[in-house]
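Participant: Next up is a structure, given as structure tokens.
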Amino acid sequence: MNEDASIIRGKMAFLDEVCQERRAKLVEQNRERHIATYAPLSGMYMQEGDKKLLSFCSNDYLGLSQHPEVLALFRKEHKRIGSGASRLVSGNGVAYDELEAQLAQIKNTEAACVFGSGYLANIGTISSLMGKDDLIISDRLVHACILDGIKLAGSTHKRFKHNDVESLELLLAKHRKDYRYCLIVTETIFSMDGDIAPLNAIIACAKAYDAWTMTDDAHGFGVLKNDQQADIQMGTLSKAVGAYGGYVCATQEVIDFIKNTARSLVFSTALPPMVLEASCCALAVMNKQPELTKDVIAKSNAFCEVLGVAPTGTPIVPFIVGADKAAVELQHKLYRLGYLVKAIRPPTVPENTARLRITFSALHEVGDVLRLADDIKKLDVHI
Ligand SMILES: *Cc1c(COP(=O)(O)O)cnc(C)c1O
């Protein structure tokens with residue numbers, strides 16, 4: 001069979017050649033991605049080769065990834081690194097219980113389930129709860145791992161206009177009756193736009209049409225107040241919490257079912273205990289120091305004020321420039337000035353909306369934030 005295929009093609013399909021051709025296309029479209037290597041310095045500084053860069057592209061909004069209390073954990077003696085097996089086999093150390101109890105308390109739900117990452121939490125949860133007779137309606141701009149979860153679920157997928165409850169309601173009115181169950185998914189703070197979903201209105205609309213709601217709080221956790229009304233609250237421990245892992249919070253019934261059926265939980269090894277301990281510690285610091293949140297929002301606002309753009313009220317400020325090439329050029333200009341700011345291109349964002357995505361952290365110095373704003377002003381970018 002395979003031999004026939006290569007005879008019809010007239011040549012062998014060499015894997016290297018196929019990859020090279022495909023990557024050349026990405027280069028042509030200004031879509032090639034490059035994974036650079038940085039050594040972290042203190043604060044938001046990074047070293048790349050002999051160049052020192054000030055990062056404005058980290059999701060470590062509160063600086064908890066390098067908080068002294070959290071770091072101290074890693075200097076302790078540990079009995080082991082790896083957890084050995086899936087949580088359902090032998091990997092479920094006590095740190096899981098503690099972390100899940102903390103998360104459920106913060107989110108004000110009965111229970112929580114910690115996954116290996118936010119990506120795994122989304123694909124596992126959505127495909128565990130929803131099936132092929134069901135309808136999933138999401139905001140048009142939700143994260144790639146929600147889309148992957150929907151594909152795995154095999155449900156019908158419809159998308160409403162970004163943050164537009166009328167558009168959601170039209171879809172519900174037209175399609176809800178044709179399906180068994182319906183789930184509505186949105187982010188709380190949108191990762192690439194930094195804007196906030198109209199959650200109360202979305203939830204009211206869902207209730208009116210007998211639909212369930214799920215929020216992805218990857219960028220809201222530690223930054224925005226609790227999104228406590230959604231039926232399923234998903235998030236990550238790798239952004240404002242500064243550690244690693246993902247979670248969902250919901251009622252005990254929902255969590256028990258997910259723990260039984262989410263394949264990305266059942267068939268994947270548990271997180272290393274020290275990573276779970278780091279999350280526990282970071283959550284405790286987050287609770288004790290609400291001023292970290294105020295601080296990062298104040299920096300984001302100050303930046304927007306200098307540039308004369310509307311504040312997002314979140315640590316994320318997008319500069320939409322449109323063309324991929326223009327966004328990459330801006331990234332390079334800022335790099336030469338010593339800033340690490342990344343161009344975000346499709347398919348991460350919709351076509352013709354390539355942008356710089358600037359993120360702030362409590363670790364930034366106010367002076368550095370204002371300097372970046374001034375330097376961008378001098379570049380004379382029109383947005
Ligand atoms: C980062 C992110 C995720 C994935 O979380 P990880 O823990 O990094 O796998 C999910 N959803 C959104 C909106 C994100 O920004």
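Participant: Which one is surrounded by the most Cβ atoms within 10 Å (Cβ to Cβ) among residues in region 27-54 that are part of a loop (DSSP other than H, G, I, E, B), in contact (Cβ under 8 Å) with a residue 12 or more places away in the chain and in contact with a strand residue (DSSP E or B) (Cβ under 9 Å, 6 or more places away or on another chain)? Spell out the reasoning first.
Facilitator: Step one: of region 27-54, the residues part of a loop (DSSP other than H, G, I, E, B) are 29-38, 41-44, 49-50.
Subsequent filtering for residues that are in contact (Cβ under 8 Å) with a residue 12 or more places away in the chain retains 29-31, 36, 38, 42-44.
Add one more test, that the residue is in contact with a strand residue (DSSP E or B) (Cβ under 9 Å, 6 or more places away or on another chain), and what stays is 30, 36, 38, 43-44.
On the way: Asn30: 16, Ala36: 11, Tyr38: 14, Gly43: 15, Met44: 24.
Out of the qualifying residues, it is Met44.
Participant: Here is a follow-up. Go through region 185-228 and report how many residues are near the ligand (Cβ under 10 Å from one of its atoms), more than 23 Å from Val285 (Cβ to Cβ) and assigned to a loop (DSSP other than H, G, I, E, B).
Facilitator: 3
Participant: Same structure, new question: Name the pairs whose Cβ atoms lie under 8 Å apart, with the first residue in region 107-118 and of a type in the set (Lys, Arg), the second surrounded by fewer than 22 Cβ atoms within 10 Å (Cβ to Cβ), and 6 or more positions between them or separate chains?
Facilitator: Lys107/Asn226; Lys107/Gln228
Participant: Across region 34-84, which residue is modelled with the highest pLDDT among those that are out of contact with any Phe, Trp or Tyr (no Cβ under 9 Å at 6 or more places or on another chain) and of a type in the set (D, E, K, R)?
Facilitator: So, considering only residues that are out of contact with any Phe, Trp or Tyr (no Cβ under 9 Å at 6 or more places or on another chain) and of a type in the set (D, E, K, R), the one modelled with the highest pLDDT is Asp60.
Participant: Within region 237-249, is even one residue free of Cβ contacts under 8 Å to residues at least 40 places away in the same chain and either within 11 Å of the ligand (Cβ to nearest atom) or over 30 Å from Phe74 (Cα atoms) (or both)?
Facilitator: Pass one, region 237-249, residues free of Cβ contacts under 8 Å to residues at least 40 places away in the same chain: none.
Looking through region 237-249, none of the residues is free of Cβ contacts under 8 Å to residues at least 40 places away in the same chain and either within 11 Å of the ligand (Cβ to nearest atom) or over 30 Å from Phe74 (Cα atoms) (or both).
Yes or no, residue by residue, for (1) within 21 Å of Ser191 (Cα to Cα); (2) part of a helix (DSSP H, G or I):
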| position | (1), (2) |
| --- | --- |
| Lys325 | no, yes |
| Leu330 | yes, yes |
| Asn352 | yes, no |
| Arg355 | yes, no |
| Ile358 | yes, no |
| Asp368 | no, yes |
| Arg371 | no, yes |
| Asp375 | no, yes |
| Lys378 | no, yes |
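Participant: Under the condition of being assigned to a helix (DSSP H, G or I) and more than 16 Å from the ligand (Cβ to nearest atom), which residue from region 121-152 is surrounded by the most Cβ atoms within 10 Å (Cβ to Cβ)?
Facilitator: First, pick out the residues of region 121-152 that are assigned to a helix (DSSP H, G or I): 121-129, 144-152.
Next, only the ones that are more than 16 Å from the ligand (Cβ to nearest atom) stay: 128-129.
Details: Ser128: 23, Leu129: 25.
Filtering first and then ranking leaves Leu129.
Participant: What is the one condition in (1) of a type in the set (Gly, Ala, Ser); (2) crowded, with 21+ Cβ neighbours inside 10 Å; (3) within 16 Å of the ligand (Cβ to nearest atom); (4) more than 22 Å from Leu276 (Cα to Cα) that Gly118 does not satisfy?
Facilitator: Every condition holds for Gly118 apart from (4).
The values are calculated or read from the model by the stated rules, or taken from the named source; none is laboratory data. The structure displayed is predicted, hence computed values, not measured ones. Methodologically, a virtual Cβ is constructed for each residue, glycine included, from the backbone with ideal geometry; neighbour enumeration extends over all protein chains shown.
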